[in-house]
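What follows draws every value from the coordinates through simple rules; no lab data is involved. Quick caveat: nothing in here was measured; it's all calculated off a predicted structure. Neighbour counts run over all protein chains shown; Cβ positions are idealised from the backbone, glycine included.
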């Protein structure tokens, strides 16, 4: 089978809800990422054969095929097609896997996988709440109700169930949340994100144009005592707003090419896609899926947990990466080394290629070889992508 290579990766810095990225239409924001990928590779944009765009809330400004709208908002020619993918929080990770599969099948040579989410302008849940209010129904069908009676599928409840199942305490989760901020602060101040972030114009609180190149969600004055003082979200639970991912605006993307394209366009690969898979799991506990998905992926790849140099496990809630470490025995010093969504934000459909971008640059900075990315997804799903840095 042919190989798939990643030759460029970039992301915007995350913006808080109503923050510095509030003025960007999501199509334009994603279009900037497409432009940057072309600029970083120097290829003729007309040679791009498809754009696959992850996005979760495909409503309002993010409706009617946000992928195609992003192309039409960019400098890519009209001849470049695009489609939009929803695998919930793993949407752009799935976009990357679809792009790699297209290249590995030999049917395409150059594909962009990307993601975008403006949680300010298309709020989370908008595509469900508005139709429900209009009396147009809800996603859970009568047959689903028969199979899962009186069960409300909830990522928050799933996160609490994960914490309970793996015996995780509030103190453990608070400590992990604090570590996420510490690592994000160190990475930002040390310039670890400099090469991966696409700087754009943002707006300050007064509406003045400012340079947006630092993740807005990082709390540079964070303290463990302060995090421990945040009220739990549910009586008897262990999670707080401080140990949950932040609502975020952002876009990200990678360019995936074949070996033929490497030679024809004189491209230098950042990494080779070594393994890709996705797994369905219990939709009630829901967020546990990265654990069995990773175990299966490693087995299929003929690897052990110790073969992986760096992990990116999305911090939807602190219980997810902490349970991942506990169950799989991964080295905590290799996981989310530059912080995660608790500090940096989780722009839903953009998080997949955002995490991959950070993983690739972290591998490069440390001279490491193998990286594994996984994330929990609504419905009890998890993608796993393993890359080999070149």
Inset, instruction - Run a plain Debye calculation on segment 74-186 (Cα atoms as equal point scatterers, no solvent) and give log10 I(q)/I(0) at q = 0.10, 0.23 Å⁻¹, rounded to two decimals, same order as the q list. - result: -0.59, -1.25
Inset, instruction - Would you mind checking segment 303-318 for residues with the amide N under 16 Å from a putative spin-label position 7 Å along Cα→C-beta of residue 368? - result: 304-315
Inset, instruction - Between 54, 352, 18, find the one with the highest GNM mean-square fluctuation for the chain; connect C-alpha pairs within less than 10 Å. - result: 18
Legend entry - Mean residue ellipticity (222 nm) of the chain, computed from DSSP H runs ≥ 4 via -39,500 (n - 2.57), nearest 500: -10500 deg cm²/dmol
Inset, instruction - Report relative contact order for segment 210-313 in percent, whole number only (criteria: Cα-Cα under 8 Å, sequence separation at least 6). - result: 12 percent
Legend entry - Relative contact order (percent, whole number), the chain, Cα cutoff 8 Å, 6+ residue spacing: 28 percent
Legend entry - Exposure proxy order (Cβ contacts within 10 Å, fewest to most) of 315, 196, 288: 196, 288, 315
Legend entry - Whole-Å distance, taken between Cα centres, linking segment 84-138 and segment 233-288: 12 Å
Inset, instruction - Taking all pairs of distinct Cα atoms, average 1/r, flip it, and tell me the Kirkwood hydrodynamic radius of segment 202-336 in Å to one decimal place. - result: 18.9 Å
Inset, instruction - Fewest Cβ neighbours within 10 Å first, please rank 317, 311, 156, 193 accordingly. - result: 156, 193, 311, 317
Inset, instruction - Report the residue, chosen from 73, 92, 164, that carries the largest GNM mean-square fluctuation when the chain is represented by alpha-carbon nodes joined by springs under 10 Å. - result: 164
Legend entry - Gained length - residue 154 relative to residue 132, 0.36 nm times residue gap less alpha-carbon distance: 6.2 nm
Inset, instruction - Mind giving me the nanometre distance, one decimal, between the label points for residue 260 and residue 306, set 7 Å out from Cα along Cα→Cβ? - result: 4.2 nm
Legend entry - From the C-alpha gyration tensor of the chain, square roots of 5λ in Å: 29, 24, 23
Inset, instruction - Between 23, 379, 367, find the one with the highest GNM mean-square fluctuation for the chain; connect C-alpha pairs within less than 10 Å. - result: 367
Inset, instruction - Work out, step by step, the length gained on full extension between residue 326 and residue 224: first 0.36 nm times the residue separation, then minus their alpha carbon distance; give nm to one decimal. - result: 34.6 nm
